[in-house]
Amino acid sequence: MAVELKLLGAAVVVGLVQLLWAAGAARAHQGDLKWAAGPRDTPMPLGGVAARLDRAFRNFAETFPFFAAAVLACAVAGKLGQPMTTWGAGLYVIGRALYVPLYASGVPMVRTLVWLVSMVGLVMVLVALFR
């Protein structure tokens, strides 16, 4: 199996960890399991780390479909295994994995730079697709 496809699987794991971490932090912050198990018609705001984890997950959910589509398009086009796709996919996954704890900790500038690294990785995969 191509390294890029393994990294796509690793990105799914990163996303699932983020989802579970954000959900656990939200339940701990809100402290109302009855509300969480219900229809959630009335919003319950989040704050602090729980809110940051929620925003980080939403950010992942915005970028992951583009990454997945790019890697799968490269697979269909026979472009996997190139340094550009391998390094790009690696940068995306590592950047996304590092982004969450930085965001949760409230680290401002480094978090943005790490996000930028993940976006550079995504662009690298796209560039390889169109070469």
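Observations on the structure shown:
- Taken as a whole, the structure places Ala61 among residues that are at pLDDT 95 or above, out of contact with any His (no Cβ under 9 Å at 6 or more places or on another chain), surrounded by 11 or more Cβ atoms within 10 Å (Cβ to Cβ) and of a type in the set (Gly, Ala, Ser).
To keep it simple, each residue is scored yes or no on (1) among the charged types (D, E, K, R); (2) at pLDDT 85 or above; (3) over 16 Å from the mean Cα position of the chain (by Cα); (4) under 15 Å from Ala97 (Cβ atoms).
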residue	(1), (2), (3), (4)
Met1	no, yes, yes, no
Leu8	no, yes, no, yes
Val14	no, yes, no, yes
Val17	no, yes, no, yes
Ala25	no, yes, yes, no
Arg40	yes, no, yes, no
Pro45	no, no, yes, no
Val49	no, yes, yes, no
Arg55	yes, yes, no, no
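The values are calculated or read from the model by the stated rules, or taken from the named source; none is laboratory data. Remember, it's a predicted structure, so these values are computed and weren't measured experimentally. All Cβ positions, even for glycine, are placed from backbone atoms using ideal geometry, and neighbour counts span all protein chains on display.
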